[in-house]
Amino acid sequence: MSDLIPQKPQYRPRGRPWPKGQSGNPAGRRRGSRNKATMMAALYLDGEAEGLVRKAVEMAYAGDALALRLCLERTLAPRRDRPEPFRLPPVESAADLAPAMAAVMTAAARGVITTGQAAEMASVVATRLRAIEAAEFDRHLTALEYGDPTH
């Protein structure tokens, strides 16, 4: 009976044609590189931006709700946090908390990371410290249960 069912031809798999991390460009796109369509649009609008913005503002003042929304949305771009690397000392004990938090504060003060990222990093450091304290508590409890005189 299976001889009557035609076999499907094998096609190239859809989705990811290469194994993860092994594309045609393993290094990936360079940081800060722009999309070709974005660059073409910038060339097309070169010299026209000021006039278009003026027209949008005039339409917004005239009561066009869509133009008003466009002007307000473009006044401040949406804030997007990008990961920025900075050196964080290892946190292996409670004594390491102060240098780690100092590194986070210094990075935020220098503008390397945003205050939101600094708050997230402080939370990560605090979580790491709680994990260290829990492991230390477990070690002490185990030592007490088994009568280890060194603890």
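General observations
- Flag: Arg130 does not match the condition of being within 29 Å of Gly32 (Cα to Cα) and either loosely packed, with under 11 Cβ neighbours inside 10 Å or polar (S, T, N, Q) (or both).
- Scanning the stretch 1-52 for residues that are hydroxyl-bearing (Ser, Thr, Tyr), modelled with pLDDT of 70 or more and within 26 Å of the chain's Cα centre (by Cα) gives Ser33, Thr38.
- Neighbours by Cβ (under 7 Å, 6+ apart or cross-chain): first from the stretch 81-95, over 17 Å from Ala131 (Cβ atoms); second assigned to a loop (DSSP other than H, G, I, E, B): Asp81/Thr114; Glu84/Val112; Glu84/Ile113; Phe86/Val112; Phe86/Ile113
Condition check ((1) over 23 Å from Arg82 (Cβ atoms); (2) among the aliphatic types (A, V, I, L, M)) across all residues:
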residue	(1), (2)
Ala94	yes, yes
Ala100	no, yes
Met105	no, yes
Gly116	no, no
Glu133	yes, no
Asp138	yes, no
Ala143	yes, yes
Gly147	yes, no
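- Criterion violated by Ala118 - all others in (1) within 18 Å of the chain's Cα centre (by Cα); (2) surrounded by fewer than 16 Cβ atoms within 10 Å (Cβ to Cβ) satisfied: (2)
- The residues of the stretch 105-116 that are assigned to a helix (DSSP H, G or I) and out of contact with any Lys or Arg (no Cβ under 9 Å at 6 or more places or on another chain), listed by number, are Met105, Thr106, Ala108, Ala109, Thr115.
- First in the stretch 125-140 and free of Cβ contacts under 8 Å to residues at least 60 places away in the same chain, second anywhere and charged (D, E, K, R), Cβ under 8 Å, 6 or more apart: Ile132/Glu92
The values are calculated or read from the model by the stated rules, or taken from the named source; none is laboratory data. Computed from a predicted structure; not experimentally measured. Don't worry about glycine lacking a Cβ; one is built from the backbone with ideal geometry, like all the others, and counts go over all protein chains shown.
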